[in-house]
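> This is the structure I have questions about; it appears just below.
The values are calculated or read from the model by the stated rules, or taken from the named source; none is laboratory data. What you see is a predicted model; the values in this text were computed from it and never measured. Here Cβ is always computed from backbone atoms with ideal geometry, including for glycine, and neighbour counts include all displayed protein chains.
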Amino acid sequence: MSAVKNIQEKIGRFLLKKDQKNMRRNVKAFSIEKASTIGVIYNATNRNDSEVVKKFIQYLKEERKDVLSLGFIDSKDSSDMVKPHLNYVYFDRKDLSKSLRPKSLEVENFINKSFSILIDLSVDECFQIEYITGLSSAKFKVGASGAYRNDSCDLLIDIEENKTIEYLIIQIKHYLKMIKN
């Protein structure tokens, strides 16, 4: 990472921590059966990962859930790569502020939507996803253990033995079905 990007990200993290201090949310565990709305945040830069996430979203829809996904594409202009459509929203680097924080209307709406469950499908570090997960007003946040997710998520899934989105999704399905409420 360049020195400039490093400084920009440090400023972004400082502003994120400041915003998180003012946040209040009522945490409530939800199973897949009881959840009405589910938000899915992920890094959509890799096409194979995006296809895996789309299959997972299709599974959630088959479970009769209202699902909204938000994918970050680490590119200056993603319009030639993907076309946004119903339930699939994307943002890219042109949607970032000088401090690398996402600033589009779609991102703001996603953060403010009171999902029953927010599923963070990132397996690697990504400040933009960290920002959205950290500020989301979702009632129950789920993600892989490690990094920022240890502070932001309510249910952490250990994927050290297999750090892939496929494995994370299998584990999330398993553990969200176990919750009884």
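> Only residues in segment 149-169 that are under 18 Å from LEU16 (Cβ atoms) count as the first member; pair them with residues that are among the acidic types (Asp, Glu) and crowded, with 16+ Cβ neighbours inside 10 Å, Cβ under 7 angstrom, at least 6 apart or cross-chain, and list the lot.
Filtered contacts from segment 149-169: ARG149/ASP120; CYS153/ASP120.
> A follow-up question, please. Name the residue that is surrounded by the most Cβ atoms within 10 Å (Cβ to Cβ), counting only residues in segment 145-162 that are part of a loop (DSSP other than H, G, I, E, B) and of a type in the set (Ser, Thr, Tyr).
Step by step, filter segment 145-162, then rank; the result is TYR148.
> Collect the residues in segment 39-54 that are closer than 22 Å to LYS139 by Cα and in a helix (DSSP H, G or I), keeping them in residue-number order.
VAL53
> Could you please find all residues in segment 116-144 being surrounded by 23 or more Cβ atoms within 10 Å (Cβ to Cβ), of a type in the set (A, V, I, L, M) and in contact with a Leu (Cβ under 8 Å, 6 or more places away or on another chain)?
ILE117, LEU121, ILE132, ALA138, VAL142, ALA144
> Being farther than 26 Å from MET23 by Cα, part of a strand (DSSP E or B) and modelled with pLDDT under 90 is the filter here; which residues of segment 72-114 pass it?
Residues satisfying the conditions are HIS85, TYR88.
> Also, I was wondering about something else. Could you grab the pairs with beta carbons closer than 8 Å, sequence gap of 6+ or different chains, first residue in segment 42-68 and touching a residue at least 12 places away in the same chain (Cβ under 8 Å), second one of a type in the set (Ser, Thr, Tyr) and assigned to a helix (DSSP H, G or I)?
TYR42/SER50; ALA44/SER50
> Of the numbered conditions (1) surrounded by 13 or more Cβ atoms within 10 Å (Cβ to Cβ); (2) within 21 Å of VAL27 (Cβ to Cβ); (3) free of Cβ contacts under 8 Å to residues at least 12 places away in the same chain; (4) not β-branched (Val, Ile, Thr), GLU108 satisfies every one except a single condition; which is it?
Here GLU108 clears every test but (2).
> If ARG64 passes every condition in (1) part of a loop (DSSP other than H, G, I, E, B); (2) surrounded by fewer than 20 Cβ atoms within 10 Å (Cβ to Cβ); (3) on the phi < 0 side of the Ramachandran plot but one, which one does it miss?
With respect to (1) part of a loop (DSSP other than H, G, I, E, B); (2) surrounded by fewer than 20 Cβ atoms within 10 Å (Cβ to Cβ); (3) on the phi < 0 side of the Ramachandran plot, ARG64 is out only on (3).
> Restricting to segment 17-67, what's the tally of residues that are touching a Leu at 6+ places or on another chain (Cβ under 7 Å), hydrophobic (A, V, I, L, M, F, W, C) and within 25 Å of LEU100 (Cβ to Cβ)?
4
> Being in contact with a strand residue (DSSP E or B) (Cβ under 6 Å, 6 or more places away or on another chain) and of a type outside the set (A, V, I, L, M, F, W, C) narrows it down to one residue among SER31, SER114, SER50, SER75; which is it?
Checking each option against the conditions leaves just SER75.
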